[in-house]
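Data block below; observations after.
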Amino acid sequence: MENKKFTVFSDIEYVRPDFDKIRTVCQELTARVSQAKSYAELKRCILAQEEFSSYFDTMATVMSIRHTVDTSDKFYEAEDEYFNQAFPEVLPYLQAFNLALLNSPFRAEIDEEYGAQFLKNVQLSVDSFSEKNVALMQEESELINRYQKLIASCKIEFDGEVRNIVGIEKYFSDPNREIRKAAAKSYEEFFQKNDKELGEIFDRLVKIRHHMGVNMGFENFTPLGYMQQGRLDYGAKEVASFRQQVLEEIVPFCEKLYKAQAKRIGVDKIRFYDEALIFPDGNAVPIGDSAYLVEQARKMYHDMSKETGEFIDFMIEHQLMDLDNKPNKAATGYMTSLADYKAPFVYSCFNGTTGDVDVLTHEMGHAFAGYMAMRTQPLQALWSEPTDIAEIHSMSMEQFAYPYAELFFGEKAEQYRFQHLQEAITFVPFGVAVDEYQHIVYENPNLTPAERTNVWHELEKKYMPWRDYGEESEFFSLGGWWYHKLHIYHYPFYYINYTLTSMGAMEFKKKLAEDKTACWQDYMTICKLGGSLGYLDTLRAANLAVPFEKGGVKRAVSYAIEILNKQIEE
């Protein structure tokens, strides 16, 4: 599929797709697949469907980006609502096309040309869909939008200005403890004020998703949630094994890190509002605005490799980034793709913290992988890798950026490298707590909002025993912290991917230190593969270990722990 030409993202014209035409085209292509007398005829149908779905996906993505950039824009708000209602209704027609492919006598030829993973994913798509769930999917989208708008509407008066959620977070690492404490309290008050609505939204989401799982013949939503994440070669048992390894290997080391941090910043004990401050004189922060940081990213990626240099020029030339924090902008960060143009797009809300640079490495890692897969894989259906692979691209790119930290942080570059590596490790217990929380919630769908919050409170004690919200906390100390995590509302069972892939990123860190050339070859392999292989086969192709196998966590993080141990002892 040839990519269309365009100048810059803002020039792309949005046209609402004709959903009636989608139904008609799907029916026509389904009939042609069923009647195909040769593989050549069948292949023409596959390519025709690819071209048609590419245009549809591109328009949907343009609409979604513009909606998240300004959630108060009435036009794109209405378009988003329309899509959420209309798209589930065409899914039966898309699935009919998939079923025709699966029933084709030319399956062997499809496997030979496109690899076995293509039809495996088609089968998974069919197996995870039921027409009984269409109305539930529509309501699910409405509730997710309600959560997103509620968070985006946040207005907190602090330090002489009105701040949104992202704007207030930068004060969590202020060197002045009273400012940190006040910022954390203001942040907490927003969630406490909206406790009832946030609890009701999630309660309804849990019950809707449970109903979906039952409609698919499952006892609850969990198996369907795993299917929606594209997991074909492992399940909840393996993930539980991984969580246990994290509890045994990483949680005790995190306690050691926070004890060292308390001594370093001069407090008797780390409280919740102290966790983000790594150094007493303040964390490393970027030394320029978004335009400056993008220009430094251009220098970094040109030095890193020929491919990354071409990639960053493409992103800048076509203005495929929206990075600055603005009122009513959805409080999130993501990379997405404009299929017609084979173009990634990166979205964020810069707030003057290290997170701004992390976007230029993490989300750009996603974007680079997408850029390569779109130019390597023959079908759009093979561009996107399993979600548990995707975060390896991004988290590894964060590690690859360490030698370039001076470009972004100047004389505080070494501080940045330490604080980033510490945060990469201390994040993992939180990530597995989110996953266990979702397992408990979806396996017990009749829990009340208050009971769910208590579940989170108990998981914090298990995976984050250092966590202390202080006597001033009236809400987070009882378990309300989970409300802030968008993924829990939007993407059930996704969050464990950040922790599984952290292991891959730590492996790439070690590879980079041992053999830079071999490391980059393995990284390019995993980027170019896209979704052409399953999870386990992709890891093998990139010479990476399987994280939930016995000893997998210890092997993956040993090098990073060795570095951090040496630094905190010094």
Subject >> Cα centre as origin, Lys/Arg/Asp/Glu Cβ charges: the stretch 9-139 dipole, Debye >> reply: 560
**OP:** With unit charges on the beta carbon (Lys/Arg positive, Asp/Glu negative), name the residue among ALA116, GLN49, LEU224 whose Cα is farthest towards the positive pole of the charge dipole of the chain.
**Re:** ALA116
**OP:** Could you work out how far helix 354-374 tilts from the main Cα principal axis of the chain, as a 0 to 90 degree angle to the nearest 10?
**Re:** 20
**OP:** Answer rounded, prolate or oblate for the stretch 73-130, using the Cα gyration tensor with square roots of eigenvalues a ≥ b ≥ c: rounded when a/c is under 1.5, else prolate when a/b is larger than b/c, else oblate.
**Re:** prolate
**OP:** Hey, can you grab everything whose amide H is under 5 Å from the amide H of CYS349? Only 5+ residues off in sequence or another chain; H modelled, so Pro and N-termini drop out.
**Re:** none
**OP:** Quick one: what are the phi-derived ³J(HN,Hα) couplings along the stretch 336-343, Karplus 6.51/-1.76/1.60 with θ = phi - 60°, whole Hz, x for glycine and proline?
**Re:** 9, 10, 9, 4, 4, 10, 6, 10
Original post:
Mean separation of Cα pairs under 8 Å and 6+ residues apart, divided by the residue count of the stretch 9-139: what relative contact order is that in percent?
Top reply: 31
Original post:
Among LEU407, SER384, VAL166, whose Cα sits farthest toward the positive end of the charge dipole of the chain (+1 at Cβ of Lys/Arg, -1 at Cβ of Asp/Glu, about the Cα centre)?
Top reply: SER384
**OP:** Using the Karplus curve 6.51 cos²θ - 1.76 cosθ + 1.60 with θ = phi - 60°, work out ³J(HN,Hα) for each residue of the stretch 156-164 in order, rounded to whole Hz, and write x for Gly and Pro.
**Re:** 10, 7, 7, 6, x, 9, 8, 10, 9
Subject >> Calculated from backbone phi, Karplus (6.51, -1.76, 1.60) coupling profile of the stretch 497-506 in Hz, x at Gly/Pro >> reply: 4, 4, 7, 4, 6, 4, 5, x, 5, 5
**OP:** Could you list the GluC sites (Glu not before Pro) in the stretch 462-525 that lie in coil according to DSSP, counting only those with at most 16 other Cβ atoms within 10 Å of their Cβ?
**Re:** GLU471, GLU472, GLU474
Subject >> Other-chain or far-sequence residues with amide H under 5 Å of ALA343's (modelled H) >> reply: LEU338
Original post:
Among MET63, ALA86, PHE97, whose Cα sits farthest toward the positive end of the charge dipole of the stretch 9-139 (+1 at Cβ of Lys/Arg, -1 at Cβ of Asp/Glu, about the Cα centre)?
Top reply: PHE97
**OP:** Pick out, in residue order, every one of the trypsin sites (Lys or Arg not before Pro) in the stretch 64-172 that is DSSP loop and has at most 16 other C-beta atoms within 10 Å; say none if there are none.
**Re:** LYS155
Subject >> Loop-located trypsin sites (Lys or Arg not before Pro) in the stretch 1-45 whose Cβ has at most 11 other Cβ within 10 Å (DSSP) >> reply: LYS5, LYS37
**OP:** With percent of Cα pairs over 38 Å apart defined as stated, name the option among (1) 28; (2) 37; (3) 43 computed from the structure displayed.
**Re:** (1)
Original post:
When the dipole is taken about the Cα centre of the chain, and only Lys, Arg (+1) and Asp, Glu (-1) are charged at their Cβ, what size is it in debye, to the nearest 20?
Top reply: 720
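Quick note: the coordinates plus some simple rules give every number you see, no bench work behind them. Keep in mind that this is a model prediction, so the values were computed, not measured. In this analysis, Cβ positions are derived from the backbone assuming ideal geometry, glycine residues included, and neighbour counts consider all displayed protein chains.
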